[in-house]
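The values are calculated or read from the model by the stated rules, or taken from the named source; none is laboratory data. Just so it is clear, the model here is predicted, and its values are computed rather than measured. Heavy atoms of the whole protein, side chains included, go into the accessibility calculation; ligands, DNA and RNA do not. Shrake-Rupley method; radii C 1.70, N 1.55, O 1.52, S 1.80 Å.
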Amino acid sequence: MSAHRAGAWLALLVASAAGTALLEWIGLSAGLLLGPMLAAILFSARGARLSLPRPLFVGAQAVIGCLIAGTLDIGAFSRVATQWPLFVGVTAATLGASSLLGYLLSRWRVLPGSTAIWGSMPGAASAMVVMADAFGADARLVAFMTYTRVVCVAAVASILAATLGVHRGGDWLATMLAPAPLLPSLATLAVAGIGAFAGLRLRIPAGALLVPMAAGIALHALDILRMTLPEPVLAASYALVGWRIGLAFTRETLAVAGRALPRVLLATFALIGFSAALSLLLSKLTGIDPVSAYLAVSPGGLDSVAIIATSVPVDQPFVMAMQALRFLAVLALGPMLARAAATRFAGRIAA
């Protein structure tokens, strides 16, 4: 690594730490994610050509997978089983609204070809970018749409938590330095590493996240291991996820997408507004608190929602059960829906 590149990474690290400290000081949740994310966006917009090495992001995904597994238990799955019409209905409503917005953006030629359809799919950002590229869509613009939505959702959720006074608070630095049980931590990191390796070898979409998550859930359900992660490992993983999202906003991508940005933002906030209305209905039907309801239906990435959900006192099993169900639905149905829509309207919306 050249001295210039090393200096750029060091500057990004310092800016991320400063952003994190500022966000935590003013009371926004998930500062450990948003600080690095916003710093990376700023660096990319100013022309910094930094790219997160894939092994680091894979490792971060695996850790987040174990984090999600630690929030889910048998009670969460029993809840899904007993309230399956609610879970399926909310998942279908969110996926349907996302697909409709993608279709409208494509029909109005805001973005070329099937790009808008792929970019509107919620909850599986990296998987959608890879699948869109394989299908012939512009992966850069799909990443632009997807990560714009993730940034907006993360910011809105954090602001909502702060506004409603449910920020966890406390000395986050002292929490980070608190010791964690050694053997459970090592076992959890082993599950993350082995699961990520297996997910990549089996070529499962988002396998680095899903396989450790599935393994962690199984181990927890069998009362073999409770997922335990040291705070510094979590903080590093949050930062890596934030950098991955932020560094996707390259100067070239922003230049190509500049004219579409206002309408993409409008569509993004329309989807966020729909999710907010749906969360109010969900809160009234179930009695769950508004922040938990919003996080459960918000159209962000599963990893970023998991980070926010662990930063505020919400009903984590409910949030992650709803998000995991939609994530699996997107992986199963998203490509089929996008292919069908793209094939049907290819002649009318091609740029």
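Numbers for the structure displayed
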item	result
Asp223, Asp315, ranked by accessible area, largest first (probe 1.4 Å)	Asp223, Asp315
Three-way shape label, the range 5-69, alpha-carbon gyration tensor, a/c 1.5	oblate
Relative contact order (percent, whole number), the range 1-109, Cα cutoff 8 Å, 6+ residue spacing	17
Cα-based Rg and Dmax for the range 1-117, where Dmax is the largest Cα-Cα distance (Å)	20.1, 58
